[in-house]
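Student: Right, I'll just put the structure down here and ask away after.
Values in this text are rule-based calculations from the coordinates and carry no lab data. All values derive from a computational prediction rather than experimental measurement. Cβ sites come from the backbone with ideal geometry, for glycine too, and all protein chains shown count toward neighbours.
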Amino acid sequence: MALNVLVVSKGHAYDHNAFHALFDANPGLVTTFVEQPAAQVLLRPENVATYDAIVFYDMWGIPTGPADTAQPPADYVNSLRALLEEGKGLVLLNHALVQWPLWPMWRDLSGTTFRLTEGEVDGRMVPGSGYRGGAGEPNRNVTHRLSPATPGHPVTVGLEGGFEITDEVYLRTPLPASPDIIPLLVSDYSFIRANFNPPPLASRAEQAAWTHEDGDNVIVWARRAGNSPVVACEAGDGPAAYANPHFRRLLDNALRWVASETGRDWARGR
């Protein structure tokens with residue numbers, strides 16, 4: 001059965017043709033692409049009802065200066081709350097995890113501990129997170145191996161032996177142990193300060209003095225957010241990842257799980 005999928009983008013550079021091919025090559029998906037800020041209209045409850053799942057690949061709501069509170073419009077907040085109340089399945093890819101950094105609801109939705117600058121995560125102050133590779137330095141992308149962390153989960157079906165991927169990676173505070181978060185894929189890369197660039201939005205002085213504890217190696221996880229099953233995936237930055245057949249299988253699995261009754265029942269705690 002084909003899934004009707006909405007994909008939201010804008011706010012971060014990416015190869016449009018290669019990214020669209022990731023979806024167009026999958027005959028099991030009927031995909032609609034929409035960019036921010038027009039996406040905020042399409043995501044209203046009356047407009048989004050026909051979609052089985054939503055993929056966020058946008059990086060919106062980034063502060064433009066110290067005085068910018070970078071808060072979403074009330075209408076968009078209400079739309080996201082309605083999605084979570086309904087239990088709509090969501091998949092967040094790569095830079096979508098780090099958007100709206102000053103909006104607590106988005107961080108809670110994704111479950112990520114990534115921060116663009118120093119700030120609070122789970123009640124403690126942590127430094128800004130690091131990165132390596134990505135659109136700005138693709139020659140420093142990392143080739144690493146991803147392996148299932150929770151054997152038998154529907155998102156990792158067909159990926160039991162693990163797979164290699166060349167992609168951007170993040171150094172962030174370890175995810176909290178929580179029944180609302182299920183680690184799905186872990187990396188064999190070394191998540192230590194020496195392997196990463198300092199946070200891009202930090203001042204020069206902050207970048208020069210930047211330190212960071214060792215990060216965890218969870219790259220993909222499932223998250224309960226309201227009544228919605230969410231798959232958060234740090235992988236998926238560029239063409240090498242988009243074309244990877246294992247990444248394509250991962251994305252298809254994730255979409256089918258978040259759109260399923262099994263996924264929704266898990267999110268509702270059933």
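Student: What value, in deg cm²/dmol to 500, does the helix sum -39500 (n - 2.57) over DSSP H runs of n ≥ 4 give at 222 nm once divided by the residues of the chain?
Tutor: Helix contribution divided over all residues of the chain: -6500 deg cm²/dmol.
Student: Let me ask something additional. Arranged from highest to lowest average of other beta-carbon atoms within 10 Å per residue, in what order do the peptides 196-209, 126-139 appear?
Tutor: Ranked by mean Cβ neighbours within 10 Å, highest first: 126-139, 196-209.
Student: Of the options Tyr76, Ala208, Thr143, report the single residue whose Cα projects farthest towards the positive end of the charge dipole of the chain (beta-carbon charges: Lys, Arg +1; Asp, Glu -1).
Tutor: My answer, from the dipole projection, is Tyr76.
Student: Pull up the DSSP beta bridges for the chain and report the antiparallel fraction as a percent, rounded to 5.
Tutor: Antiparallel: roughly 55 percent of the beta bridges in the chain.
Student: Distance in nm between label sites at Glu160 and Gln207, each 7 Å beyond Cα in the beta-carbon direction?
Tutor: Reported label-point gap for Glu160 and Gln207 is 4.6 nm.
Student: When Met125, Met1, Met59 are ordered from fewest to most other Cβ atoms inside 10 Å of their Cβ, what list results?
Tutor: Neighbour counts put them in this order, fewest first: Met1, Met125, Met59.
Student: So, one more: Roughly how many nanometres apart are two label points built 7 Å out from the Cα toward the Cβ at Asn197 and Ala177?
Tutor: According to this spin-label approximation, the distance is 3.5 nm.
Student: Here's a follow-up. Taking other Cβ within 10 Å of each residue's Cβ, how do Phe56, Phe33 sort, fewest first?
Tutor: With the sparsest Cβ surroundings first, the list reads Phe33, Phe56.
Student: Pull out the extension gain between Gln71 and Asp216, defined as 0.36 nm times the separation in residues minus the alpha carbon to alpha carbon distance; nm, one decimal.
Tutor: Extra length available between Gln71 and Asp216 comes to 49.3 nm.
Student: If you put +1 on each Lys and Arg Cβ and -1 on each Asp and Glu Cβ, how big is the dipole of segment 47-181 around its Cα centre, in Debye rounded to 20?
Tutor: 280 debye
Student: Quote the relative contact order of the chain in percent (integer), defining contacts as alpha-carbon pairs under 8 Å separated by 6+ residues.
Tutor: Rounded, it is 21 percent for the chain.
Student: Moving to a separate point now. Can you tell me the length gained on complete extension of the stretch Glu137 to Glu46, counting 0.36 nm per residue apart and subtracting the Cα distance?
Tutor: 28.7 nm
Student: Could you work out how much longer the chain between Ala25 and Thr262 gets when fully extended? Use 0.36 nm per residue separation minus the Cα distance between them, nm to one decimal.
Tutor: Extra length from Ala25 to Thr262 when fully extended: 82.7 nm.
Student: Any idea what the dipole of segment 196-252 comes to, in debye rounded to 20, about its Cα centre with Lys/Arg Cβ at +1 and Asp/Glu Cβ at -1?
Tutor: 280 debye
Student: Another question, then. Assigning unit charges at the beta carbon (Lys, Arg +1; Asp, Glu -1) and nothing else, what dipole magnitude in debye, to the nearest 20, does the chain show about its Cα centre?
Tutor: On the way: 21 positive and 30 negative charges, 39 e Å.
In debye, rounded to 20, the chain gives about 180.
Student: Hey, can you rank 21-30, 99-108 by average C-beta count inside 10 Å, highest first?
Tutor: Descending mean neighbour count gives 99-108, 21-30.
Student: Further question: For labels at Ala243 and Asp122 in the simple 7 Å Cα→Cβ model, what's the distance in nm?
Tutor: Using points 7 Å along Cα→Cβ, the separation is 3.8 nm.
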